[in-house]
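J.: Sharing a structure below in structure tokens format, with a few things to ask.
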């Protein structure tokens, strides 16, 4: 089996899993998923985590942001531009 064959199998498995998960409510986001969903970079999300603007939970070293926390973070963002994030 070639690397191309293995990648195709992985792709099909991912598609099947995604299809089977339709209708299952999301409980948490990865940093990359949250960044994408709110239009920010991963590094900006990590900066908010460092500033304690976002409180993640962890599975080992993997940061997960519960949906409620993601919604609270977005809701609490200022509605005015206060300059660069420090």
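Condition check ((1) in a helix (DSSP H, G or I); (2) modelled with pLDDT under 85) across all residues:
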residue: 16; (1), (2): yes, no
residue: 36; (1), (2): yes, no
residue: 46; (1), (2): yes, no
residue: 58; (1), (2): no, no
residue: 78; (1), (2): no, no
residue: 84; (1), (2): no, yes
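J.: Limited to segment 43-71, what total is found for residues that are within 18 Å of residue 26 (Cβ to Cβ) and surrounded by 15 or more Cβ atoms within 10 Å (Cβ to Cβ)?
T.: Looking only at segment 43-71, we keep the residues that are within 18 Å of residue 26 (Cβ to Cβ), and these are 45, 54-59, 62-71.
Going one step further and asking which of them are surrounded by 15 or more Cβ atoms within 10 Å (Cβ to Cβ), we end up with 45, 54, 56, 63-66, 69-70.
Adding up the residues that qualify gives 9.
J.: Inside segment 21-50, can you point out the residues that are touching a residue at least 24 places away in the same chain (Cβ under 8 Å) and closer than 17 Å to residue 84 by Cα?
T.: 44, 47, 48
J.: Right, residue 40: under 11 Å from the mean Cα position of the chain (by Cα), in a loop (DSSP other than H, G, I, E, B) and surrounded by 12 or more Cβ atoms within 10 Å (Cβ to Cβ) or not?
T.: Values: under 11 Å from the mean Cα position of the chain (by Cα): yes; in a loop (DSSP other than H, G, I, E, B): yes; surrounded by 12 or more Cβ atoms within 10 Å (Cβ to Cβ): yes.
Yes.
The values are calculated or read from the model by the stated rules, or taken from the named source; none is laboratory data. All values derive from a computational prediction rather than experimental measurement. Positions of Cβ are backbone-derived with ideal geometry, glycine not excepted, and every protein chain shown enters the neighbour counts.
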